[in-house]
Amino acid sequence: RSTNDGTSFSTIAANGVNGITESGAWVTPYKLNPINPDTIYVGMRNIWRAFDAKSAAVNAVSFVQVSNFGGTSTIRDIGIARSYTDVIYVSRNGGSNFYRTANGNAANPTWTDLESNLPANGTPNDIEVHPTNPNKV
């Protein structure tokens with residue numbers, strides 16, 4: 001995160017930083033809530049969320065794990081519905097690889113495995129949620 005227009009940056013999220021206890025992919029996805037940029041989601045092996053991404057000091061951002069996917073697969077992408085930010089989609093590298101929650105801002109979001117709904121085998125590389133219908137990706 002930068003607090004000086006990009007002149008310098010500090011690590012906000014990584015294994016062992018601000019409560020995160022697992023590693024992510026080489027290109028780890030970070031997504032800000034499109035309505036409230038103080039909320040950030042980070043995809044490691046699971047989804048980690050902080051409600052104080054902007055307001056806390058860089059070394060005091062409070063990440064909590066909000067999924068429990070299991071295994072060693074890492075997160076590939078995160079899609080947050082702008083029309084209803086509780087709806088979040090996640091793709092993972094390998095194994096069951098496409099999930100959705102309708103209560104992503106709750107203390108313990110419930111995740112549904114949507115892999116059987118995909119039109120083909122493989123992992124979604126990029127998730128875009130319809131701008132007004134959170135049930136369309």
Computed E for N68/S8 - FRET, C-beta separation, R0 35 angstrom, nearest 0.05 | 0.50
Ranked by how many other beta carbons lie within 10 Å on average, peptides 130-137, 5-12, 23-30 from highest | 23-30, 130-137, 5-12
The percentage of the accessible area of the stretch 1-120 (probe 1.4 Å, all protein chains present) made up of carbon and sulfur atoms, to the nearest whole number, is 50 percent
Mind computing the radius of gyration and Dmax over the alpha-carbon atoms of the chain? Å is fine for both.
-> 14.6, 45
Average accessible surface area per residue within the chain, 1.4 Å rolling probe, Å² = 53 Å²
Mind checking the full-extension length gain between S23 and T110? Use 0.36 nm per residue of separation minus the Cα-Cα distance, one decimal, nm.
-> 29.1 nm
With all protein chains present and a 1.4 Å probe, the order of T74, T21, T39 from largest accessible area down is T21, T74, T39
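The values are calculated or read from the model by the stated rules, or taken from the named source; none is laboratory data. Not measured: the values here are computed from a predicted model. Note: ideal-geometry Cβ built from the backbone for every residue, glycine included; neighbour counts use all protein chains shown. These accessible areas exclude ligands, DNA and RNA; they are computed on the full protein's heavy atoms, side chains included. Shrake-Rupley method; radii C 1.70, N 1.55, O 1.52, S 1.80 Å.
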